[in-house]
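Remarks on the structure that follows.
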Amino acid sequence: MPDAVIAATGLYNPPFTLSNAELVETFNAYVARFNAANAEAIAAGEVEALIGSSVEFIEKASGIKSRYVVDKTGLVDPEVMRPSIPERPDSEISILAEIAVAAARQAIEAWGKPVSRIGAVICAASNMQRAYPAMAIEVQQALGIDGFAFDMNVACSSATFGIKTAADYIATGSVDAVLMVNPEITSGHLNFRDRDSHFIFGDVATAVIVERADEAEGGWDILGTRLKTQFSNNIRNNFGFLNRGAPEGADKADKLFVQEGRKVFREVVPMVSDMIVEHARDLGVEPTSLKRLWLHQANINMNEMIGRRVLGRDPAPGENVIILDEYANTSSAGSIIAFHKANDGFAAGDLGLICSFGAGYSAGTVFVRKR
């Protein structure tokens, strides 16, 4: 059976950046208005006063300094605090497909081969714009790709699950190349009125082309892929098809992103660290031989601890790639951004790890070797 190679990647950054200072100013204006409007109830102990945010709190808690967003105007308005993304007519490409196509075009240009070589398109992301038709099929149409396409959602692990799926299609001889895209407009499902999470996410799109090794020119051999899921309610979003069946709960906070951050940290860090070490052992790879880690960009403290557990020491500068400061958490796209932006300086035979983890819980590991 043919082996698979990561042949090219692409990245699309939305046009707007949003700093922590801007988020804090908006959030604190909302808090001041809320506390003033509920002053009597707060004094009577009937309503709990809201606490303001700060740049220092955000950076210490997450390592995030800024993020890209598809719309900024609504996010800096304390009376709105959500992105303004007008609906498009069905005759126009959807915004999720549009940013996926932008990332895909960059990957295809870097690949340097005709799209006729691609036999499948996978849209692997957390924040899907709609249920159907699949965004992947829309991307396929926009790029003029034959074959088949479908969407898949495994939350923040979607990209590694997508790479595994693409590699399996190639191994079975179903296709010669797969385009896997990760468009994430996470701002649409983020509660910007929640102090513990209003800063977490950013918008972006990434793309990966996975190709048969015997047809690839350069790139990265996929040495092994592994997936794991374990049910947990600690990261959740209850927005879905059945919401209109219970309209009284339409505005509940759990229809947006909700997490128990401390529980997630305690449970996910050992799960992912052990998974990486065990997968490396089964592949005959010594974790200390990994030249670079491209981990899911959820929280700098999680990434640093996983890096130490895997390598058995503090990672050297640049060894455990961090892009959180510029991008924030971009859900499924985070590890792909890290790989795309920081895969230089490798000689043939050097090893690296792409790893993602998130709601589910879910996790995926992809060990790669420079060709």
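The values are calculated or read from the model by the stated rules, or taken from the named source; none is laboratory data. What you see is a predicted model, and the numbers here were worked out from it, not measured in a lab. Because the Cβ atoms are built from the backbone with ideal geometry, glycine has one as well, and the counts that use them run over all protein chains shown.
Just one of the listed residues (A4, A36, A21) is modelled with pLDDT of 95 or more and out of contact with any helix residue (DSSP H, G or I) (no Cβ under 8 Å at 6 or more places or on another chain), and it is A36.
May I ask you to verify whether L179 is over 23 Å from L290 (Cβ atoms), in a strand (DSSP E or B), in contact (Cβ under 8 Å) with a residue 12 or more places away in the chain and out of contact with any Pro (no Cβ under 8 Å at 6 or more places or on another chain)? When the stated conditions are applied, L179 passes them.
Anything in the range 247-261 that is among the small types (G, A, S) and closer than 17 Å to I200 by Cβ? List them, or say none. Walk me through it before giving the result.
Let us first name the residues in the range 247-261 that are among the small types (G, A, S), namely 249-250, 253, 261.
Correct list: A253, G261.
Results for (1) within 14 Å of V121 (Cα to Cα); (2) assigned to a loop (DSSP other than H, G, I, E, B), shown as yes or no for each residue.
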{"residue": "T160", "(1), (2)": "no, no"}
{"residue": "K164", "(1), (2)": "yes, no"}
{"residue": "S174", "(1), (2)": "yes, yes"}
{"residue": "P183", "(1), (2)": "yes, no"}
{"residue": "R193", "(1), (2)": "no, yes"}
{"residue": "H198", "(1), (2)": "no, yes"}
{"residue": "V204", "(1), (2)": "no, no"}
{"residue": "V208", "(1), (2)": "yes, no"}
{"residue": "L223", "(1), (2)": "no, no"}
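Here are some residues: F192, F241, F161. Which one is at pLDDT 95 or above and more than 28 Å from F339 (Cβ to Cβ)? Selected residue: F192, the only one of F192, F241, F161 that is at pLDDT 95 or above and more than 28 Å from F339 (Cβ to Cβ). The conditions of being under 19 Å from the mean Cα position of the chain (by Cα), over 22 Å from M128 (Cβ atoms) and at pLDDT below 95 are not met by F199.
Table: residues versus (1) among the aromatic types (F, W, Y); (2) in contact with a helix residue (DSSP H, G or I) (Cβ under 6 Å, 6 or more places away or on another chain); (3) over 30 Å from Q129 (Cα atoms); (4) free of Cβ contacts under 8 Å to residues at least 60 places away in the same chain.
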site: I209; (1), (2), (3), (4): no, yes, no, no
site: G218; (1), (2), (3), (4): no, no, yes, no
site: T229; (1), (2), (3), (4): no, no, no, no
site: F239; (1), (2), (3), (4): yes, yes, no, yes
site: G245; (1), (2), (3), (4): no, no, no, yes
site: K255; (1), (2), (3), (4): no, no, no, yes
site: Q259; (1), (2), (3), (4): no, no, no, no
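Selection of the range 99-154 for residues being part of a strand (DSSP E or B), crowded, with 21+ Cβ neighbours inside 10 Å and touching a Gly at 6+ places or on another chain (Cβ under 8 Å) yields A120, V121, I122, A124, V154.
Of all the criteria given as (1) part of a helix (DSSP H, G or I); (2) at positive phi, the one not satisfied by S187 is (2). Looking at the structure I just gave you, is G318 over 14 Å from L353 (Cα atoms) and not aliphatic (A, V, I, L, M)? Taking the combined requirement at face value, the residue does not satisfy it.
I need the full set of residues from the range 1-53 which are of a type in the set (A, V, I, L, M, F, W, C), within 30 Å of I337 (Cα to Cα) and surrounded by fewer than 15 Cβ atoms within 10 Å (Cβ to Cβ), in order please.
Initial filter on the range 1-53 (of a type in the set (A, V, I, L, M, F, W, C)): 1, 4-8, 11, 16, 18, 21, 23-24, 27, 29, 31-32, 34, 36-37, 39, 41-44, 47, 49-51.
Going one step further and asking which of them are within 30 Å of I337 (Cα to Cα), we end up with 1, 4-8, 11, 16, 18, 21, 23-24, 27.
Of everything in the range 1-53, those that are of a type in the set (A, V, I, L, M, F, W, C), within 30 Å of I337 (Cα to Cα) and surrounded by fewer than 15 Cβ atoms within 10 Å (Cβ to Cβ) turn out to be M1, A21.
Within the range 54-74, the set of residues being in a helix (DSSP H, G or I) and surrounded by fewer than 20 Cβ atoms within 10 Å (Cβ to Cβ) comprises V55, E56, F57, E59, K60, A61, T73, G74.
The rows are residues; the columns are (1) in contact with a Cys (Cβ under 8 Å, 6 or more places away or on another chain); (2) among the hydrophobic types (A, V, I, L, M, F, W, C); (3) closer than 30 Å to K164 by Cα; (4) not in a helix (DSSP H, G or I).
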| residue | (1), (2), (3), (4) |
| --- | --- |
| A7 | no, yes, yes, yes |
| A21 | no, yes, no, no |
| E25 | no, no, no, no |
| E40 | no, no, no, no |
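Restricting R262, R244, R309, R266 to those that are of a type in the set (K, R) and either closer than 26 Å to D344 by Cα or under 19 Å from the mean Cα position of the chain (by Cα) (or both) reduces the list to R309. The set of residues in the range 278-287 being surrounded by fewer than 16 Cβ atoms within 10 Å (Cβ to Cβ) and at negative phi consists of E278, R281, D282, L283, E286.
Within the group D151, D168, D194, D203, which residue is over 19 Å from S332 (Cβ atoms) and of a type in the set (D, E)? Before you say what the answer is, go through the steps one by one.
Details: D151 fails: over 19 Å from S332 (Cβ atoms); D168 fails: over 19 Å from S332 (Cβ atoms); D203 fails: over 19 Å from S332 (Cβ atoms).
After applying the criteria, what remains is D194.
With respect to L96, is the statement that it is touching a Lys or Arg at 6+ places or on another chain (Cβ under 7 Å), crowded, with 16+ Cβ neighbours inside 10 Å, hydrophobic (A, V, I, L, M, F, W, C) and more than 22 Å from A342 (Cα to Cα) true? So L96 does not fit the description; no.
Of all residues in the range 75-84, exactly one satisfies the criterion of being surrounded by 16 or more Cβ atoms within 10 Å (Cβ to Cβ) and closer than 21 Å to M135 by Cα, namely P83.
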